[in-house]
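J.: Sharing a structure here in structure tokens format.
The values are calculated or read from the model by the stated rules, or taken from the named source; none is laboratory data. Computed from a predicted model, the values in this text were never measured in an experiment. Backbone-built Cβ (ideal geometry, glycine too); neighbour counts: all protein chains shown.
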Amino acid sequence: MPDPCEVLPTADGPRRPAAGAHDVLLSADRVILGGSGAVVPRGAVLVRDGAIVWTGPLDRLPPELGGDRAREGCDAADGGRSERVGHCGHAGCVEHVRLPGASLLPGLIEGHTHLALDAGPDPMGALARRLGAGEYEGVLALMRANAARMAASGITTARDLGAPAHLEHILRQEIDDGRSPGPHLVGSGIPLTTPGGHCAVMGGACDSDEAVADLVRRNRGQGAQWMKIMVTGGFLTAASSPFHSQFSAQRLRYAVRAAHDAGLMVAAHAHGTQGIVRAVEAGVDSVEHGTWMTPDGFRVDRDTVALMAERQVALSTTVNHRARGATGRLPWEQRLEQLQVMRAAGVSLVVSTDSGIGGTPHDSLSRALDLYRDLGLSALEVIETATGGTANALGLGGVTGRIAPGLRADLVAVPGDPRTDLALLHRPLLVMVAGRTVRTA
């Protein structure tokens, strides 16, 4: 007779795991693997120590991993909610979390966020006022709250592209240690800009090669994986121009080389065509925004687009859920045409929203995904772009973005089948970051 708590013996038999540690088997009507269109009907994923150790059809779970016991009673009714069955707390046990009627997929990846911004009407001004008043703990508290909202919405990895005082490093440690809920953070530290330039309030204004090298060293020393360079001005800093480069071509090349020598990848904030061209020629790894603006309109430089594809420079789209209704400086029809040109040329797209800017909350990524259908992508292709595709473009393909043995257990379960309705991604039943459950319905 089955044990009423339905725990499964591990392959190693009884053992004494770390306090609170246990293996988790998640089963669902379908498992979307996050690459090559692969979907496993009535699939399952086994998680151990924060990583995926097995995935496949539930009825093929190997006996040494508890397959015989897992199949008992696996025909649960389609309730559309998770059924957490079997964590008895004993050493050597596996908890079986059933997700009847649901889909299990890789966690979403937000390719461009600012956790230190509040998504209000004047986010940069609000940050400047907090910093001016010395409210660094207040900024960190805001970042914690924003990170928690992201994780609860199904975002399991986020690239933060600019925060002051290395606060992102503090938060990343808290999340990794399990002290704060949030996605795995890929950080860039303090962004490099010019005196009075875009995002100078964050503390990264440099006017010499020596200052640039020092900022690179400080960011690297605080665990940054990327270096953000504000190649052009931006719309949130009135004294800067989004149409023109803030750096000479020589200074930009120096900054990119210094970052690469330190082992950092380089993200270039660039709206204007001039800045995009200079950034790509300087050897950056991703272009943020890439809106091809000029003082007179828009001009996509197709030679630079071809160079982006050749050098595998990704475009971080920064498309938010309000984009279809945009009629101002960048109408959706114009942006859609730009994205189609770059995608057709072979440029990889990083799904991102620039969350934290006005009107773009940190938990809004799932609401922006339907926009990618306008590029001609199927719903499944959109999901794969927002998971495995973005992971690959950010150099994380060997870590996350797919459901495969050896990768980090970053998982989301949603009711129904998101291949037929992307809106289901707005309602996660379960979110797991590196094997830690941060949300259950």
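J.: Just need a number here: residues in region 220-256 that are of a type outside the set (S, T, N, Q) and either within 30 Å of ASP176 (Cα to Cα) or part of a strand (DSSP E or B) (or both).
T.: Counting residues in region 220-256 that are of a type outside the set (S, T, N, Q) and either within 30 Å of ASP176 (Cα to Cα) or part of a strand (DSSP E or B) (or both) gives 11.
J.: Turning to a different aspect of this structure: Pull up region 202-217, narrow it to residues that are surrounded by fewer than 21 Cβ atoms within 10 Å (Cβ to Cβ) and either without any contact (Cβ under 8 Å) to a residue 12 or more places away in the chain or β-branched (Val, Ile, Thr) (or both), then point me to the one that is nearest to GLN250 (Cα to Cα).
T.: This residue is SER208.
J.: Still on this model: Any residue at all in region 143-159 that's in a loop (DSSP other than H, G, I, E, B) and without any contact (Cβ under 8 Å) to a residue 60 or more places away in the chain?
T.: Within region 143-159, not a single residue is in a loop (DSSP other than H, G, I, E, B) and without any contact (Cβ under 8 Å) to a residue 60 or more places away in the chain.
J.: Could I ask something else about it? The conditions are (1) among the β-branched types (Val, Ile, Thr); (2) modelled with pLDDT of 95 or more; (3) surrounded by fewer than 22 Cβ atoms within 10 Å (Cβ to Cβ), and THR327 fails exactly one of them. Which is it?
T.: (2)
J.: Tell me whether region 225-248 contains one or more residues that are in contact with a Cys (Cβ under 7 Å, 6 or more places away or on another chain) and touching a residue at least 40 places away in the same chain (Cβ under 8 Å).
T.: Looking through region 225-248, at least one residue is in contact with a Cys (Cβ under 7 Å, 6 or more places away or on another chain) and touching a residue at least 40 places away in the same chain (Cβ under 8 Å).
J.: Right, another one. Can you find a residue in region 278-287 that is under 22 Å from ARG329 (Cα atoms), under 23 Å from the mean Cα position of the chain (by Cα) and of a type outside the set (A, V, I, L, M, F, W, C)?
T.: No, because not a single residue in region 278-287 is under 22 Å from ARG329 (Cα atoms), under 23 Å from the mean Cα position of the chain (by Cα) and of a type outside the set (A, V, I, L, M, F, W, C).
J.: Could you tell me how many of the residues in region 419-428 are surrounded by fewer than 24 Cβ atoms within 10 Å (Cβ to Cβ) and either assigned to a loop (DSSP other than H, G, I, E, B) or in the same structural domain as ARG311 (by TED's automatic domain parsing) (or both)?
T.: Summing the residues that are surrounded by fewer than 24 Cβ atoms within 10 Å (Cβ to Cβ) and either assigned to a loop (DSSP other than H, G, I, E, B) or in the same structural domain as ARG311 (by TED's automatic domain parsing) (or both) in region 419-428 gives 4.
J.: For region 365-409, which helices (runs of 4 or more DSSP H) that fit wholly inside it have 3 or more residues that are within 12 Å of the chain's Cα centre (by Cα)? Walk me through it before giving the result.
T.: Numbers: elements: 365-368, 379-384, 390-393.
In region 365-409, 390-393 are the helices (runs of 4 or more DSSP H) which contain 3 or more residues that are within 12 Å of the chain's Cα centre (by Cα).
J.: Separate question: Has region 356-371 got at least one residue that is without any contact (Cβ under 8 Å) to a residue 60 or more places away in the chain and charged (D, E, K, R)?
T.: The answer is yes; a qualifying residue exists.
J.: Going through SER153, SER180 one at a time, which residue ends up being within 23 Å of ALA393 (Cβ to Cβ), out of contact with any strand residue (DSSP E or B) (no Cβ under 7 Å at 6 or more places or on another chain), among the hydroxyl-bearing types (Ser, Thr, Tyr) and at pLDDT 95 or above?
T.: SER153
J.: Of these, GLN312, GLN334, GLN340, which one is touching a Phe, Trp or Tyr at 6+ places or on another chain (Cβ under 8 Å), of a type outside the set (Gly, Ala, Ser), surrounded by fewer than 21 Cβ atoms within 10 Å (Cβ to Cβ) and not assigned by TED's automatic domain parsing to the domain that holds VAL414?
T.: None of the other options fit; the residue is GLN334.
J.: Now for a different question. Go over the candidates GLY111, GLY162 one by one and state the one that is modelled with pLDDT of 95 or more, within 27 Å of GLY35 (Cβ to Cβ) and either part of a strand (DSSP E or B) or under 19 Å from the mean Cα position of the chain (by Cα) (or both).
T.: After applying the criteria, what remains is GLY111.
J.: Is it the case that some residue within region 284-301 is assigned to a helix (DSSP H, G or I), surrounded by 15 or more Cβ atoms within 10 Å (Cβ to Cβ) and assigned by TED's automatic domain parsing to the domain that holds GLY359?
T.: The answer is no; no qualifying residue exists.
J.: Can you find even one residue in region 300-320 that is farther than 22 Å from ALA224 by Cβ, within 25 Å of the chain's Cα centre (by Cα) and among the polar types (S, T, N, Q)?
T.: Yes, region 300-320 has at least one match.
J.: Specify which of the listed residues (THR387, THR440) is surrounded by 18 or more Cβ atoms within 10 Å (Cβ to Cβ), touching a strand residue (DSSP E or B) at 6+ places or on another chain (Cβ under 6 Å) and of a type in the set (S, T, N, Q). First the steps, then the outcome.
T.: Values: THR440 fails: surrounded by 18 or more Cβ atoms within 10 Å (Cβ to Cβ).
That would be THR387, the only listed residue that is surrounded by 18 or more Cβ atoms within 10 Å (Cβ to Cβ), touching a strand residue (DSSP E or B) at 6+ places or on another chain (Cβ under 6 Å) and of a type in the set (S, T, N, Q).
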